[in-house]
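Only one structure is covered here, and it is reproduced in the block below.
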């Protein structure tokens, strides 16, 4: 005896997200780095987002940190040629190794390696809404 059931294809249509600042940035992501500060610490994501002058730098750096049901995204203000590596240091510091372009004394575009420190803050086991950036 054979039992056959009518099969129906389940298709759900999804429309493109609206072109708001909240979502439009996703179409410009050029690189993505992810890591955890520690096994029980925050999850950290670094995004390289295009939009600047590609002849000289042109990759804006954003950081997202999620910890204990809190999640924030910061625009760091960095405009670099490329993100090369992220790592972590004590005292809630994210190290971001980049290649950045600069104008030499001879008015030529040159490149150099640079490391930036992004410090995040946790107070009473709660992620705070600020980060600080240092060279």
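Please treat every number below as a calculation from the coordinates, not as lab data. Small disclaimer: the values here were computed from a predicted structure and weren't measured. Glycine gets a Cβ as well: all are built from the backbone with ideal geometry, and neighbour counts include every protein chain shown.
Averaged over residues, the count of other Cβ atoms within 10 Å places the peptides 24-33, 101-110 in the sequence 24-33, 101-110, highest first.
Take the Cα gyration tensor of the range 23-134, multiply each eigenvalue by 5, square-root it, and list the three semi-axes largest first, rounded to whole angstrom. Walk me through the numbers before you get to the answer.
Numbers: eigenvalues 153, 47, 23 Å².
Over the Cα atoms of the range 23-134, the semi-axes work out to 28, 15, 11 Å.
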